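As structure tokens, the structure follows; a few thoughts come after it.
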Amino acid sequence: MRKKYPCKSLLFISAFFLLFAVASCKKDNSNGNKVATPTTANPTKLALIETDSSIYKLLLINIKNIGTQTYNNQLIFDTGSGGMVIDANGIIPASMITSSGFNFTGDSTVVNGITITSQASMVAYGANTSTTDRVYGNLAYASVTIGDQNGNVVIKRLPFLLYYKAINGQGVQYSPHQYDTFGVSDEYDITFANNAFITSPFSYFEPGTGLTKGFKMAVLSASNFSYLGNSVAGAITLGLTSSDLSSASGFVMNQLTYYAGDGYAPVIPTSITYNNKSFTTDAIFDTGTEPYSYIEDPTGPTTATLLPSKTPVSLATHSGFNYTYTTSDADNLTYVENPKTSGGTVSILSLEFFLNNEYLLDYTNHRLGLKNN
């Protein structure tokens, strides 16, 4: 989702699911005693659903249960934001939902196994200041089952934004579940009073002995995108091994910066070149943005301009990752904007980046890995 990034200050427990490994034994030659050696847990595989409306592609992840409610619906899988954001319609009684908030008294209430607090907030998404959508809701907690028959995990007490309305820049309310989002970045997408916040649901999952909190994402196959959607088993590997995090893995690691109140946004210092013009910008790799990428050129046109077909664009992160693509009439569509007029400072690489590259997030060490494929 193209969340608003107007500046470095962004707009916007623990899990009880444990993997118990069988201990192996080895002989201690010094005294003959056997010492238990923990067995490294296996990473968990989750599916992603690849859909294509013929206008734009979309990447989804399945949610089976929220609280005591069977849900079995899909949320947008979004590397550009952090936290689960989901519409209350169909999850709690309609009588509790109004255009100005939830209808209950006190600090919190429990409905269908979901704890809804009185703490309210808003998250904004948009391409620029004139096209900003806003989503309003409350901090909630529930047991959530993520995944489908191809693999799933349970987060026993997941904080998320349960929203009651989403409106566009003209104040028109969107239909229910328009902005249901599963943000996996290491940032605090929405903060509340008393230091409460929501961030990636994956960061609340304990992967097991010998694994690091985080996930890696396989290259998306363009042939899997279809109108009805294809569930691709094993697209996400949850829990990182030492091999995943080693230099031999091929991932180029980028250390993320901590911003007070915002966490570790997946924003990387980058140099971009197009039309023989080079400049430095912060960049984000965003599965939730499609079909356009956005280059924030400090000397660019004051009105967003689509690059002509066959324009080569190259990107080099300061950590040494390189990526090149060429625009066409149908693919790699790219707008150039001037941050002074667009209201944004972060260049955004769209979902098409993930068709040729691998992606990794290490929540423990706050690093983002990129890998050419």
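The values are calculated or read from the model by the stated rules, or taken from the named source; none is laboratory data. It should be emphasised that the depicted structure is a prediction, and the values quoted were computed from it without experimental measurement. Glycine gets a Cβ as well: all are built from the backbone with ideal geometry, and neighbour counts include every protein chain shown.
Odds and ends about this structure:
- Scanning segment 225-251 for residues that are of a type in the set (A, V, I, L, M, F, W, C) and touching a strand residue (DSSP E or B) at 6+ places or on another chain (Cβ under 6 Å), we see that the one that is surrounded by the fewest Cβ atoms within 10 Å (Cβ to Cβ) is Ala233.
- Listed by position, the strands (runs of 3 or more DSSP E) enclosed by segment 317-373 include none that has at least 3 residues that are acidic (Asp, Glu), out of contact with any Gly (no Cβ under 9 Å at 6 or more places or on another chain) and outside the structural domain of Met253 (by TED's automatic domain parsing).
- Of the numbered criteria (1) in contact with a strand residue (DSSP E or B) (Cβ under 6 Å, 6 or more places away or on another chain); (2) over 26 Å from Tyr56 (Cβ atoms), the one Ile284 fails is (2).
- Only one entry of Tyr174, Tyr179 meets the criterion of being buried (at least 17 other Cβ atoms within 10 Å of the Cβ) and of a type in the set (Ser, Thr, Tyr), and that entry is Tyr179.
- Members of segment 196-249 that are modelled with pLDDT under 95, in a strand (DSSP E or B) and in contact with a helix residue (DSSP H, G or I) (Cβ under 6 Å, 6 or more places away or on another chain): Asn230, Val232
- Qualifying residue in segment 36-45 (condition: at pLDDT 95 or above, at negative phi and not in a loop (DSSP other than H, G, I, E, B)): yes
- Gln170 assigned to a strand (DSSP E or B) and farther than 20 Å from Asp78 by Cβ: no
- Restricting segment 260-272 to residues that are among the small types (Gly, Ala, Ser) and at pLDDT below 95, the residue that is nearest to Gly183 (Cα to Cα): Ala265
- Complete set of residues in segment 273-293 that are at pLDDT 95 or above and surrounded by 21 or more Cβ atoms within 10 Å (Cβ to Cβ): Ala283, Ile284, Phe285, Asp286, Thr287, Ser293
- Only one of the listed residues (Thr199, Thr181, Thr237) is in contact with a Lys or Arg (Cβ under 8 Å, 6 or more places away or on another chain) and not hydrophobic (A, V, I, L, M, F, W, C). That residue is Thr237.
- Sole residue being surrounded by fewer than 18 Cβ atoms within 10 Å (Cβ to Cβ), out of contact with any Cys (no Cβ under 6 Å at 6 or more places or on another chain), farther than 22 Å from Gly83 by Cα and assigned by TED's automatic domain parsing to the domain that holds Gly183, chosen from Ala222, Ala218: Ala222
- Some residue of segment 352-373 being farther than 28 Å from Gly250 by Cβ and more than 20 Å from the chain's Cα centre (by Cα): no
- Of all residue pairs spaced 6 or more apart or on separate chains, those with beta-carbon atoms under 7 Å, a first member in segment 213-231 that is of a type in the set (Gly, Ala, Ser) and a second member that is at pLDDT 95 or above and in a loop (DSSP other than H, G, I, E, B) are Gly214/Tyr363; Gly214/Thr364.
- Residue ID - farthest from Tyr323 (Cα to Cα), chosen from residues in segment 250-259 that are part of a strand (DSSP E or B) and at pLDDT 95 or above: Gln255
- Near pairs, Cβ below 9 angstrom, 6+ apart or cross-chain, from segment 49-73 (outside the structural domain of Phe225 (by TED's automatic domain parsing) and under 12 Å from Glu290 (Cβ atoms)) to any residue that is at pLDDT below 90 and in a strand (DSSP E or B): none
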